[in-house]
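Trainee: Below: one structure in structure tokens.
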Amino acid sequence: MKGGVAQRLAHRVIHAKSIDFAALRRELELPEQFPLAAQAQAEQAAKQVKLPATDLTELAFVTIDPPTSMDLDQAVCLLRRGTGYRVHYAIADVAAYVTPGSPLEAETWVRGQTIYLPDGKVPLHPQVLSEGAASLLPDTERAAMVWTIDLAADGSVEATRLERARVRSRAKLNYAGVQADADKGTLAEPISLLPEIGKLLIARGLDRGAVNLPMPDQEIERDGDGWRLVLKPLTPSEDWNAQISLLTGCAAAQIMLAGRIGMLRTMPAAPPTAVDMLRKAATGLGVPWPAGATIGQVLASIDPGEPKSAAFIDESAELMRGAGYTAFNGEIPADPEHSAVAAAYAHVTAPLRRLADRYVTETCLALFEGRSVPEWAAEALPKLPDVMSSTDRLASAAERGAVDLVESTVLSDRVGEVFPAVVIEADDKKPLGTIAITDPVVRARCDGKLVAGTRIDARLTTADTVKRQVRFEAV
């Protein structure tokens, strides 16, 4: 996202009065607490865990997360290696705390992943682990799975290593601070290479056909006794850090494919007819699509703040469907790639927040060390896709439900008002589409004959806090 647009979007905030999210929690049947046996086991594990013999505490790891996060899955340390680079990536070793076949493990299978709501999260693991003993908090030795990935000067992978080790993070950093230091050229030594490596990996991804939708996140934050809805664009530092995670996920996929056992995060490529339709949409919207350019390269070149670009991004999102999880044992999947990554990829970097990562990482470690995958991990792999897919849907429902509630609440006393809007999607067969309101920040359905990529005035016709629905009509 271009700097000027990002700065404007970051300051678009709406305030909503006190909101009770309890009804949403009940509707989604989210658990309120851990079973006593699981909680007791977590507390005991937090006291008794044995740190690995391999000592990598000399490496100056740091974590980069949102300021309020305490469930810190990853820590990074970047070094120059001749003309190339060495990436050290420490991942919380959750398997060191969760015993196979235990009540705690059983409860994590019920939950699947951490569910985030504005008034508090529903964690995958008890807080004593997820924000305590297993979290890579600073100035404390922790058990970790440490990936060491050597890159050539062009960003290609030359070697990969995975090992259990004890690590110690030096600092808990946040994206805003990292970005500010990057802009000033004063990044601390452990991550001074983050912009250089991040940009290199982004460029390599675009060259092979990777796609990154430049959509700002719609987030809900506390604001005194109420809530505020903020549109936050992805900062470059977040993108650079995400590239380290993607690099690790791709390395994990290669280990499992070579070992013929594991689980991948997959997404089929868009059919040629859908790509042709997107090209026609680009022409109609006036979005340049140079000869030979991939979808990802086109998206990287546009300004998301422009109405026609916003509509093109929305059209592109329609191609990013069908993501899932593919487990295998013995036979390599026919289509092992994730089309948005443009490579085979696996989830291994968020075990505190995502169930599958614990088992997939354990599979990778066994394969790297040349031994059989532990029975408890191998038996879990074919069961994980269903659990992860269902909890992905639950997490999406929680996120969308919370945003819908805040949107309908903040607009509940403004029915009948007219707002300037941008049409980001139009139905060719019906007088219907989707619009984006910039002040307040709302995306909603709109009735009327609409043309994607145009600016219109829209009257608010519905703001129902019970059904969590907002609707407009073109005027």
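Throughout, read-outs are computed from the coordinates displayed, never taken from laboratory work. None of the values given here were measured: they were computed from a predicted structure. Cβ placement follows ideal geometry from the backbone for every residue including glycine, while neighbour counts extend to all protein chains displayed.
Trainee: Along the Cα→Cβ direction, 7 angstrom out, place labels at A23 and A171. What is the inter-label distance in nm?
Mentor: Roughly 4.6 nm, to one decimal.
Trainee: Let me ask something else. Going by alpha carbons, how many degrees (0 to 90, nearest 10) lie between the helix axis of 194-208 and the longest principal axis of the chain?
Mentor: Orientation of helix 194-208: about 70 degrees from the principal axis.
Trainee: My understanding is that a pair violates if its Cα-Cα distance is over 29 Å; which of K383/K467; K172/K199; K280/K467; K199/K383 do that in this structure?
Mentor: As for pairs spanning more than 29 Å Cα to Cα, those are K383/K467; K280/K467; K199/K383.
Trainee: Counting C-alpha atoms alone, how compact is the range 414-475: give Rg to one decimal and Dmax as a whole number, in angstrom.
Mentor: Cα-based Rg and Dmax for the range 414-475 come out at 10.7, 31 Å.
Trainee: What net charge do the residues around A402 carry, taking every other residue with its C-beta under 12 Å from that of A402, with Lys and Arg at +1 and Asp and Glu at -1?
Mentor: With Lys, Arg at +1 and Asp, Glu at -1, the neighbours total -4.
Trainee: Hey, what angle do you get for helix 355-368 against the long axis of the chain, alpha-carbon based, 0 to 90 degrees rounded to 10?
Mentor: Once rounded, one gets 40 degrees.
Trainee: OK, next. Can you tell me what the convex hull of the Cα atoms of the chain projects to on average, as an area in nm²?
Mentor: One quarter of the hull surface, i.e. the mean projection, equals 23.1 nm².
Trainee: Taking the Cβ of F368 as the centre, find all other residues whose Cβ is under 10 Å away and add up their charges (Lys, Arg: +1; Asp, Glu: -1).
Mentor: Once positives and negatives cancel, what remains is 0.
Trainee: Here is a further query. Just need the relative contact order of the chain here, percent rounded to a whole number, with Cα pairs under 8 Å and 6+ apart.
Mentor: 18
Trainee: For A242 and T186 in one chain, what is 0.36 nm times their gap in residues minus the Cα-Cα distance, to one decimal in nm?
Mentor: Additional length available on full extension: 18.1 nm.
Trainee: A follow-up question, please. Going by average Cβ density within 10 Å per residue, which order do the peptides 454-462, 71-79 take, highest to lowest? Provide the component values of the computation, followed by the final result.
Mentor: On the way: 454-462: 16.4, 71-79: 23.8.
Order by mean packing, descending: 71-79, 454-462.
Trainee: To continue, here is another question. Quick check: pseudo-label points 7 Å beyond the Cα along Cα→Cβ at R400 and K449, how many nm apart are they?
Mentor: Once both label points are built, they end up 3.0 nm from each other.
Trainee: Do you know the relative contact order of the range 414-475, to the nearest whole percent, from alpha carbon pairs under 8 angstrom that are 6+ apart?
Mentor: Contact order relative to length: 35 percent.
Trainee: Could you sort 421-427, 34-40 so that the peptide with the highest average Cβ count within 10 Å comes first and the rest follow in order?
Mentor: Result, highest mean Cβ count within 10 Å first: 421-427, 34-40.
Trainee: Excluding Y85 itself, what net charge comes from residues whose Cβ is under 11 Å from its Cβ, given Lys and Arg +1 and Asp and Glu -1? Spell out each step's value before the answer.
Mentor: Details: positive: R80, R81, R86; negative: D150, D154, E158, E196.
Residues close to Y85 contribute a combined charge of -1.
Trainee: Sort E219, E331 so the one with the fewest other Cβ atoms within 10 Å of its own Cβ comes first.
Mentor: Listing E219, E331 from fewest to most nearby Cβ atoms yields E331, E219.
Trainee: May I pose another question? Can you tell me which of 211-218, 128-135 comes out highest on packing, and rank the rest after it, using the mean Cβ neighbours within 10 Å? Don't jump to the answer; show the numbers that get you there.
Mentor: Numbers: 211-218: 18.0, 128-135: 22.4.
In descending order of packing, they fall as 128-135, 211-218.
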